[in-house]
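Read the structure below first, then the notes.
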Amino acid sequence: MRSRRRTTGLAAATALAVVAVLAAGARPAGAQAPDAAPSAPRALYVDACASCHGADGRGNPRIDAPVLAGLSAAYLERQIDGFRRGYRGRHPADIEGREMRPMVEGFTDADLAAVGAWLASLPAPRPAADPAATGAEASRGDPARGQTLYAACAVCHGQSGEGNDALGAPRLAGQASWYTARQLRKFVDGVRGSHPDDTSGASMRASVADLASRDAADIVAWIETLPAN
Ligand code: HEC
Ligand code: HEC
């Protein structure tokens, strides 16, 4: 009898404690406060990203920042998430990725979606009209030879480099050539796409595992000729 009353008392105390916690507004870790102000996408971008990626998302070769305008929301959000969670931009040899990663470390899911949607609404730049985005590294290849080799890439990235969200493959047309060349090297060397959580990166990495550097330069020279729109 006595022990049963004690148990009942304990259960009641536990129930009271639960009520108190609920009343204090405790939420599961990681949940958004229901009254949190929605992120203002443009303001967030201007404050946190534009200094490197440019107000119009066209990048800046002097600080290794790629073009973001023209990329799909799905791709952008996955990359930002990758930097945030650390499966991109953590490899010791990934100098530029390690520069980028801290910029989104504190991003909430709402920030991520807001900036992704904002960037995806910007028009893709035309490389020819944007010579500052084209590095010397790019133009050394042979575009005619690159066109033939690009057939292996078109399967995922599209005939005109327009990208394919269903396969996770980003738009390549309109991107700065110095950046494209550098990312190819990173995939070949395993500096990008080798983290166990990076499944999309792994599929890209497998596609270029034995790409010779001369072939890469020719392919980049071909991609450079693709119209951005
Ligand atoms: C200090 C400069 C700097 C700032 C500020 C910065 N970035 Fe970056 N970002 C970079 C660099 C450098 C890279 C290239 C990383 C690489 O080479 O892998 C990059 C790459 C990216 C990529 C990958 C693009 C692709 O094609 O895969 C995304 C997406 C991105 N940044 C989004 C953002 C967002 C969103 C912000 C603002 C919250 C931001 N960046 C702020 C320097 C910066
Ligand atoms: C099996 C499909 C597939 C094939 C084939 C493929 N890619 Fe990719 N590629 C991807 C995926 C998926 C990603 C995105 C990886 C990620 O999420 O980080 C990607 C990313 C890239 C990027 C990074 C772009 C950026 O904005 O950072 C470049 C550059 C690239 N691919 C070039 C190529 C080239 C050149 C070829 C041919 C030699 C090629 N890819 C073949 C699927 C593929």
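The values are calculated or read from the model by the stated rules, or taken from the named source; none is laboratory data. Note that the structure is a prediction, hence the values are computed from the model and not measured. Note that each Cβ is placed from the backbone with ideal geometry, even for glycine, and that neighbours are counted across all protein chains shown. With ligands, DNA and RNA removed, areas are computed over all heavy atoms of the protein, side chains included. Shrake-Rupley method; radii C 1.70, N 1.55, O 1.52, S 1.80 Å.
For segment 157-180, the set of residues classified as more than 10 Å from ligand 1 (Cβ to nearest atom) and either closer than 16 Å to R205 by Cβ or polar (S, T, N, Q) (or both) consists of H157, Q159, S160, N164, L167, G168, A169, S177, listed by residue number.
Within segment 196-229, the set of residues being under 15 Å from the mean Cα position of the chain (by Cα) and open to solvent by 70 Å² or more (accessible area, probe 1.4 Å) comprises D197, T199. Looking at the structure I just gave you, is E96 open to solvent by less than 60 Å² (accessible area, probe 1.4 Å) and touching a Gly at 6+ places or on another chain (Cβ under 7 Å)? Spelling it out, it is not the case that E96 is open to solvent by less than 60 Å² (accessible area, probe 1.4 Å) and touching a Gly at 6+ places or on another chain (Cβ under 7 Å). The set of residues in segment 78-109 being over 18 Å from P196 (Cα atoms) and within 14 Å of ligand 2 (Cβ to nearest atom) consists of E96, M100.
Considering (1) at pLDDT 95 or above; (2) assigned to a loop (DSSP other than H, G, I, E, B), the lone condition that D56 does not fulfil carries the number (1).
Does at least one position in segment 174-195 carry a residue that is open to solvent by 30 Å² or more (accessible area, probe 1.4 Å), in a loop (DSSP other than H, G, I, E, B) and either of a type in the set (D, E, K, R) or without any contact (Cβ under 8 Å) to a residue 40 or more places away in the chain (or both)? Scanning segment 174-195, I find no residue that is open to solvent by 30 Å² or more (accessible area, probe 1.4 Å), in a loop (DSSP other than H, G, I, E, B) and either of a type in the set (D, E, K, R) or without any contact (Cβ under 8 Å) to a residue 40 or more places away in the chain (or both), so the answer is no. Just one of the listed residues (S194, S203) is at pLDDT 95 or above, within 8 Å of ligand 2 (Cβ to nearest atom) and outside the structural domain of E77 (by TED's automatic domain parsing), and it is S203.
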